[in-house]
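The values are calculated or read from the model by the stated rules, or taken from the named source; none is laboratory data. Bear in mind the structure is a predicted one, so any value in this text is a computation, not a measurement. Reconstructed Cβ throughout: ideal geometry from the backbone, glycine too, with neighbour counts over all protein chains shown.
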């Protein structure tokens, strides 16, 4: 039905007759000459209809936005001073010779160039929203990236292998989406949160190198970078240690960014231990484009009488930190109050600060409600250690380490964006040497920081003797403050796996019930193996400069895990429920 895409018409086609198909982006009537901007996924081209071709002109008069047309015409150069340098087709136009309306359109619920359309409307009419040029570009970038990643992995010997979508509910991690079984009354499948166990079984099967663009499902609370269903690039390989795995994945990411964005990522990517990331930035996914950094001052605050600082300074589970904001003295009291409210969302009880009005005059050049509680020596030490200069502002965090890290870490990122402190466009690194476990005060037990199949450093005896100090052979790739991929070397030894289960409070009986198939496979020659998974949606979000992964998914859910387009989730009829042996009992209002 067509010979060319609209957005690919250029001067190379001058004087040729071509056939185009697409949507009416805009129709304009200028003094008896009709102009139609015809649009398809590749872009726009201007079509001109002259009144001397009466039938075609009359047909063009009747078309409206979003009509679907087939146009036959001749490519000619645009008149002088009417060119559009922003379009590939901007030097030419099509003289319309034939016009066929393939389908009419009602007035759409929003215009494609509107900027203030709410997300509910966009998702309800997603098929119209996806026609917008920016959405077309995002979907094309997604396809381009996934195609390149496939070629890279297959060129390096990885096999594309599918794993089951109907599997067994997992006891750890987020809530599962459950699927009732009609043929096994009272039993349920679960949609996979990840293919983790199956890809390990593939390594035990001798497949050696596996990958899959896997659909994953998690029934969890949503944020800008979370969805109930999402796609990850899942990778596993045998007979490679963590350095080799990270090296190959670095090569893949560098090649992907070079091919798709013409961006050079560092070679090699820097590596940072988890402990350093938390100490300096309060986050295990630090945005290295932001120059702000924590300064530990717990030792300076131990002896002050101000218990807001001295109490956490003496508590081994707490910390006191300072963070210098260059030129932060420009902030008003309202600005500081707004930032105080911001850190309150993360559990902080307040936000202490010192304004440095004149660093040369010592204490007299400082302004703060907390100064009266701090001895001169302490104030001088804070100034020296933070390197504060005239015009700067020093923020403080004093609380349990988790609260300080969460609150000041989030503030660091917000200040970086609010104050225009971002340095460079891309910053990638590996965060390594994660703790194997973290203590859950609520359940009074150890929980796995990653998952219970991650290999720890050391022996089973060392692990059992000191679980709180154990490190895992795990690694996360962080890009611009977002974790885009994470993985680990896996446990391939039965004794080590049992030790981990024991520390997690999983009895032999529970382990056999939940993971019996994996434990059985470990008995029959399991190779050393490891891997990782990249969050494809997050990666494309960053690469396209989008604000949410919903903007790089064709048909996403809302923040409430609903689909306005199809009205899912929806009730099902009584017959279906009877077949599944299910009775619905709604919560009482």
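Summary of values
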read-out: Yes/no for residue 298 being in contact with a helix residue (DSSP H, G or I) (Cβ under 6 Å, 6 or more places away or on another chain), surrounded by 16 or more Cβ atoms within 10 Å (Cβ to Cβ) and free of Cβ contacts under 8 Å to residues at least 40 places away in the same chain; value: yes
read-out: Complete set of residues in region 464-507 that are surrounded by fewer than 19 Cβ atoms within 10 Å (Cβ to Cβ), touching a helix residue (DSSP H, G or I) at 6+ places or on another chain (Cβ under 7 Å), touching a residue at least 40 places away in the same chain (Cβ under 8 Å) and more than 12 Å from residue 452 (Cα to Cα); value: 480, 482
read-out: Residue that is surrounded by the fewest Cβ atoms within 10 Å (Cβ to Cβ), among those in region 6-48 that are out of contact with any strand residue (DSSP E or B) (no Cβ under 7 Å at 6 or more places or on another chain) and without any contact (Cβ under 8 Å) to a residue 12 or more places away in the chain; value: 31
read-out: Filter pass, residue 451 being in contact (Cβ under 8 Å) with a residue 40 or more places away in the chain, surrounded by 14 or more Cβ atoms within 10 Å (Cβ to Cβ) and out of contact with any strand residue (DSSP E or B) (no Cβ under 6 Å at 6 or more places or on another chain); value: yes
read-out: Region 552-589, subset in contact with a helix residue (DSSP H, G or I) (Cβ under 9 Å, 6 or more places away or on another chain) and at pLDDT 95 or above, residue farthest from residue 144 (Cα to Cα); value: 564
read-out: Qualifying position, being without any contact (Cβ under 8 Å) to a residue 40 or more places away in the chain, part of a helix (DSSP H, G or I) and surrounded by fewer than 16 Cβ atoms within 10 Å (Cβ to Cβ), among 115, 55; value: 55
read-out: Answer residue from region 77-94, given it is touching a strand residue (DSSP E or B) at 6+ places or on another chain (Cβ under 7 Å) and surrounded by 15 or more Cβ atoms within 10 Å (Cβ to Cβ) and is farthest from residue 550 (Cα to Cα) among those; value: 78
read-out: Strands (runs of 3 or more DSSP E) wholly inside region 167-276 containing at least 2 residues that are modelled with pLDDT of 95 or more and more than 27 Å from residue 555 (Cβ to Cβ); value: 209-217, 229-238, 271-273
read-out: Matching residues, region 508-535, being out of contact with any helix residue (DSSP H, G or I) (no Cβ under 7 Å at 6 or more places or on another chain) and under 30 Å from residue 479 (Cα atoms); value: 528, 533, 534, 535
read-out: Members of region 554-563 that are more than 12 Å from residue 122 (Cβ to Cβ) and in a loop (DSSP other than H, G, I, E, B); value: 554, 557, 559, 560, 561, 562
read-out: Residue within region 126-137 that is within 30 Å of residue 248 (Cα to Cα), assigned to a helix (DSSP H, G or I) and modelled with pLDDT of 95 or more present; value: yes
read-out: Residue within region 392-404 that is surrounded by fewer than 22 Cβ atoms within 10 Å (Cβ to Cβ), closer than 16 Å to residue 322 by Cα and out of contact with any strand residue (DSSP E or B) (no Cβ under 6 Å at 6 or more places or on another chain) present; value: yes
read-out: Any hit, region 482-504, residues being over 25 Å from residue 167 (Cα atoms), in a loop (DSSP other than H, G, I, E, B) and under 24 Å from the mean Cα position of the chain (by Cα); value: no
read-out: Test result for residue 384, on the phi < 0 side of the Ramachandran plot, assigned to a helix (DSSP H, G or I) and touching a residue at least 24 places away in the same chain (Cβ under 8 Å); value: no
